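Comments concern the structure below.
The values are calculated or read from the model by the stated rules, or taken from the named source; none is laboratory data. These numbers were taken from a predicted model, which means no experiment stands behind them. All Cβ positions, even for glycine, are placed from backbone atoms using ideal geometry, and neighbour counts span all protein chains on display.
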């Protein structure tokens, strides 16, 4: 969809009427506009699923089932569950469905922990620097948890690395001057330039601030060509874009489940370890990584579960896990290929309407706030998921003011200082009509800046 074919309100309504996946919206509880901080009645236009996904009705049902099981069976629910989901194997209905949308084998997927904890777990095990090969490549604009975690690990190897090597272990990628996103060619050039020094390349699949989708298969191949490991933070990728971890050759990956997978705030995350990846005996062992068939025998010897699950630590949070099953069941019924096709149209409609707006500016005017408008940081398809990051231009503090006006009008986006509002129409519960409403509200909010 191009700006010349930006849909009319009538066309948006027609798209909704013809949508073969429109049934999925009824699977979710859409928040109330006033409860979200709005000053209008009715349901919110919720375009913030890239930050926290909505509650599915199946999630509510499954959580109540777990509470019922806890009430009726107490500790025996670990083994005899009222709804045939014994807590001892809480991940069993989840892992096959996760593996399917990750393009991975079940043995390579662990539903466990949280994103940062899983990062530290994998880095401790698989980042093995030598005096010659010790550097880690990461984007300078990465989400803070990745930036903090990556920088902490060279310090743990000061017996091998010199103080100077520790201080210079991280290679930070930056866009070219005047650009907002990284070019694949520039990343490849950096990998080639430091090919004999790099131990690990760690990148997001989808960049949280700009919404850029990275070319994972190309970057992974180059990483392996220079003899390094390739890891992905998929917090903004899983459930959003097509993922083929095995086909791409990815070594390590982590993700959260509360964004596009709608598992609830602080829900259990997950990680991926490629089958056959050698940990050289550096595993951080824990009870839940032990073979589940012998776990409750409490033997002193650690009997690792084969694959990724052998790197698990503590028992998995049941109430932080089971809402995920609801979304995975919906995705399995809808089909992820069909979801991606709708996502392209839905976000394409948003982009077309934005670019048709009188407030759209292809470049930052850099005129000290004299011009009120917005730009788009997110690359065009196919190098994005559902998210479009809008940069607000105007006098200092324009973005928070615009965001607040939109919220009062019932549109829930996500603000990121200093100037970005992220809008993410999620396939499972957003409509084409809502996309049109969001653009109208953005224009109304900008009009008040003049």
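Points to keep in mind about this one:
- Options 310, 289; residue that is buried (at least 23 other Cβ atoms within 10 Å of the Cβ) and more than 27 Å from residue 47 (Cβ to Cβ): 289
- Condition check for residue 187: closer than 19 Å to residue 384 by Cα, touching a residue at least 12 places away in the same chain (Cβ under 8 Å) and either in contact with a helix residue (DSSP H, G or I) (Cβ under 8 Å, 6 or more places away or on another chain) or exposed (fewer than 15 other Cβ atoms within 10 Å of the Cβ) (or both): yes
- Positions within segment 131-162 being touching a residue at least 40 places away in the same chain (Cβ under 8 Å) and assigned to a loop (DSSP other than H, G, I, E, B), in sequence order: 132, 133, 134, 141, 142, 143
- Which numbered condition residue 343 misses (of (1) surrounded by fewer than 18 Cβ atoms within 10 Å (Cβ to Cβ); (2) within 23 Å of residue 204 (Cβ to Cβ)): (1)
- Residue 433 vs. criteria in contact with a helix residue (DSSP H, G or I) (Cβ under 8 Å, 6 or more places away or on another chain), over 14 Å from residue 45 (Cα atoms) and in contact (Cβ under 8 Å) with a residue 60 or more places away in the chain: no
- Residue 71 satisfies every condition listed in (1) over 27 Å from the mean Cα position of the chain (by Cα); (2) within 30 Å of residue 295 (Cα to Cα); (3) not in a helix (DSSP H, G or I) except (3).
- Evaluation of residue 276 against (1) surrounded by 24 or more Cβ atoms within 10 Å (Cβ to Cβ); (2) at positive phi; (3) free of Cβ contacts under 8 Å to residues at least 60 places away in the same chain (one fails), failing number: (1)
- Filtered by the rule that a residue be outside any helix (DSSP H, G or I) and crowded, with 23+ Cβ neighbours inside 10 Å, segment 95-110 gives 104, 109, 110.
- Every condition in (1) assigned to a strand (DSSP E or B); (2) touching a helix residue (DSSP H, G or I) at 6+ places or on another chain (Cβ under 9 Å); (3) over 23 Å from residue 414 (Cβ atoms) holds for residue 199 except the one numbered (2).
- Flag if residue 250 is over 16 Å from the mean Cα position of the chain (by Cα), modelled with pLDDT of 95 or more, part of a loop (DSSP other than H, G, I, E, B) and in the same structural domain as residue 165 (by TED's automatic domain parsing): yes
- Checked against the criterion of being within 29 Å of residue 18 (Cα to Cα), buried (at least 22 other Cβ atoms within 10 Å of the Cβ) and either in contact (Cβ under 8 Å) with a residue 24 or more places away in the chain or under 25 Å from the mean Cα position of the chain (by Cα) (or both), the candidates 425, 382 yield just one match: 425.
- The sole residue among 139, 106, 39 that is farther than 24 Å from residue 254 by Cβ and either in contact with a strand residue (DSSP E or B) (Cβ under 8 Å, 6 or more places away or on another chain) or modelled with pLDDT of 95 or more (or both) is 39.
- Selection of segment 172-184 for residues being surrounded by fewer than 20 Cβ atoms within 10 Å (Cβ to Cβ) and outside any helix (DSSP H, G or I) yields 172, 173, 174, 175, 176, 177, 178, 179, 183.
- Residues of segment 64-92 satisfying the condition of being in contact (Cβ under 8 Å) with a residue 40 or more places away in the chain and either more than 29 Å from residue 26 (Cα to Cα) or touching a helix residue (DSSP H, G or I) at 6+ places or on another chain (Cβ under 6 Å) (or both): 66, 87, 88, 89
- The number of residues in segment 15-36 that are in contact with a strand residue (DSSP E or B) (Cβ under 7 Å, 6 or more places away or on another chain), under 21 Å from residue 240 (Cβ atoms) and in a loop (DSSP other than H, G, I, E, B) comes to 2.
- Whichever residue in segment 297-329 is free of Cβ contacts under 8 Å to residues at least 60 places away in the same chain and within 23 Å of the chain's Cα centre (by Cα) and, among such residues, is farthest from residue 58 (Cα to Cα): 317
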